[in-house]
Amino acid sequence: MQRRPLGRSGLTVPRLALGTMTWGRDTDADDAAAQLRAYLDAGGNLLDTADVYGDGAAETVIGDLLGDLVPRAELLIMTKAGLRGGQPRRRDASRGHLLATLDAALRRLGTDHVDLWLVHGHDPATPLEETLSALDHATASGRVRYVGVSNVAGWQLARAATWQLAWPGRAPLVAAQQEYSLLQRGVEREVLPACAALGIGVLPWSPLGRGVLTGKYRDGRPADSRGASAHLASFVAPYLEPRASSIVEAVSTAAGGLGVAPLEVALAWIRDRPGVTAPILGARTAGQLRGALEVERITLPAEITRALDDVSALDVGYPERDH
């Protein structure tokens, strides 16, 4: 698997990351091990998790697998903090909460550091400088190697990154984890330009449009799909609408012409977007993951890329577009 630098940092990562949102909940330890083994065999080593995934269960599963499948030194672990569990979840990016959850995450992971630590969203109730001071402290203490943010608006990203660059010794932001796919291109308005200007790598989550771009929902909701599950149906529902359907049909048509699966077309498109470092793959089974990893054998022809750009284009005007 090819590797790319993460923003303007010295960290290089594979151009596909492995997500663990369902580990310890819908994906048991044996299936998680099979997924990790398939990913490692494909040349990957960037694992994405969060303290709220399975209320910590995903990090526990990862910790149990460390050493058995891969030495800690050969694995890059990315985790997130800044949300509180329960329904509905609420943002808490206070210094106390962030540092306490980092310590708990390290215990579950069975390691003394994580390679990339992200704030899991903007917390309007906490001063930005307080949140960022937690990133500085975690980095200075050696518990974190690199830092970034997730699920932020362009102005929030720019403000945080500029603050960190304003004084020597602060930990620079090197990554932004954002939802981005053919079905969700909103980050192209302001977040991606900010990342390009500030040297921040983009890590798209849900690059398959919450599973819709696989084409599995073209004829309804399969009983074993996320869209039919009690806790994820509402997550998938926004992309089961006419505009999304037209994009899915375009992806399926391109896939048929190329002789590949629709998910390969959708992943190749997002993987090769300007500014993207590594889309995060999430799978229910190792078989599904192996299918997604097949994307590494293809590059989309320019005419197909242009056609997908057109069918999924944002309605962008003032002030993002010059007049």
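Here, each number is a calculation from the coordinates, and none is a lab measurement. All values reported here derive from a predicted model rather than from experimental measurement. Here Cβ is always computed from backbone atoms with ideal geometry, including for glycine, and neighbour counts include all displayed protein chains.
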### Per-region count, the stretch 290-308, residues surrounded by 14 or more Cβ atoms within 10 Å (Cβ to Cβ) and over 19 Å from Pro242 (Cβ atoms)
11
### Query
Can you tell me which residue in the stretch 96-110 is farthest from Ile200 (Cα to Cα), limited to those that are touching a residue at least 40 places away in the same chain (Cβ under 8 Å) and crowded, with 18+ Cβ neighbours inside 10 Å?
Arg108
### Selected residue [without any contact (Cβ under 8 Å) to a residue 40 or more places away in the chain and among the β-branched types (Val, Ile, Thr)] from Val70, Val52
Val70
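For the subset of the stretch 84-112 comprising residues that are charged (D, E, K, R) and part of a helix (DSSP H, G or I), which member is farthest from Ala58 (Cα to Cα)?
Start the filter on the stretch 84-112 by keeping residues that are charged (D, E, K, R), which leaves 84, 89-92, 95, 103, 107-108, 112.
Subsequent filtering for residues that are part of a helix (DSSP H, G or I) retains 95, 103, 107-108.
Working: Arg95: 23, Asp103: 15, Arg107: 13, Arg108: 9 Å.
Here the residue is Arg95.
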### Flag for Gly44 being crowded, with 23+ Cβ neighbours inside 10 Å, in a loop (DSSP other than H, G, I, E, B) and on the phi > 0 side of the Ramachandran plot
no
#### Entry: Among (1) within 21 Å of Thr22 (Cα to Cα); (2) under 14 Å from the mean Cα position of the chain (by Cα), the one test that Val202 misses
(1)
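Give me the residue from the stretch 1-20 that is part of a loop (DSSP other than H, G, I, E, B) and not polar (S, T, N, Q) and, out of that set, surrounded by the most Cβ atoms within 10 Å (Cβ to Cβ). Walk me through how you get there before you give the answer.
Of the stretch 1-20, the ones part of a loop (DSSP other than H, G, I, E, B) are 1-2, 6-11, 15-16, 20.
With not polar (S, T, N, Q) added as a condition, the list becomes 1, 6-8, 10-11, 15-16.
On the way: Met1: 15, Leu6: 26, Gly7: 24, Arg8: 11, Gly10: 9, Leu11: 19, Arg15: 20, Leu16: 23.
Top of the filtered list is Leu6.
Conditions (1) over 28 Å from Val174 (Cα atoms); (2) without any contact (Cβ under 8 Å) to a residue 60 or more places away in the chain; (3) part of a loop (DSSP other than H, G, I, E, B), marked per residue:
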{"position": "Gly257", "(1), (2), (3)": "yes, yes, no"}
{"position": "Trp269", "(1), (2), (3)": "no, no, no"}
{"position": "Gln288", "(1), (2), (3)": "yes, yes, no"}
{"position": "Gly291", "(1), (2), (3)": "yes, yes, no"}
{"position": "Glu296", "(1), (2), (3)": "no, no, no"}
{"position": "Glu303", "(1), (2), (3)": "yes, yes, no"}
{"position": "Ala307", "(1), (2), (3)": "yes, yes, no"}
{"position": "Asp315", "(1), (2), (3)": "yes, yes, yes"}
{"position": "Pro319", "(1), (2), (3)": "no, yes, yes"}
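When you scan the stretch 47-69, how many residues do you find that are part of a helix (DSSP H, G or I) and more than 25 Å from Gly121 (Cα to Cα)? Please lay out each step first, then the result.
Taking the stretch 47-69 first, the residues part of a helix (DSSP H, G or I) are 53-65.
Among the residues that remain, those that are also more than 25 Å from Gly121 (Cα to Cα) are: 64-65.
So the answer is 2.
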### Hits in the stretch 146-191 (condition: surrounded by 20 or more Cβ atoms within 10 Å (Cβ to Cβ), over 28 Å from Pro238 (Cβ atoms) and not aliphatic (A, V, I, L, M))
Tyr146
### Message
For a quick check of your reading of the model, give me the residue pairs whose first member lies in the stretch 116-130 and is farther than 18 Å from Ala175 by Cβ, whose second is of a type in the set (Val, Ile, Thr) and part of a loop (DSSP other than H, G, I, E, B), with beta-carbon atoms closer than 6 Å and at least 6 apart or on different chains.
### Response
none
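Tell me yes or no: at least one residue of the stretch 70-78 is in contact with a Leu (Cβ under 8 Å, 6 or more places away or on another chain), surrounded by fewer than 18 Cβ atoms within 10 Å (Cβ to Cβ) and part of a strand (DSSP E or B).
So in the stretch 70-78, the residues in contact with a Leu (Cβ under 8 Å, 6 or more places away or on another chain) come out as 70, 72, 75-78.
Then keep just the ones that are surrounded by fewer than 18 Cβ atoms within 10 Å (Cβ to Cβ); that gives 70, 72.
Filter again for part of a strand (DSSP E or B), leaving 70.
Yes; the residues of the stretch 70-78 include at least one that is in contact with a Leu (Cβ under 8 Å, 6 or more places away or on another chain), surrounded by fewer than 18 Cβ atoms within 10 Å (Cβ to Cβ) and part of a strand (DSSP E or B).
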### When residues of the stretch 159-177 are limited to those that are in contact with a Gly (Cβ under 9 Å, 6 or more places away or on another chain) and small (Gly, Ala, Ser), the one nearest to Glu129 (Cα to Cα)
Ala161
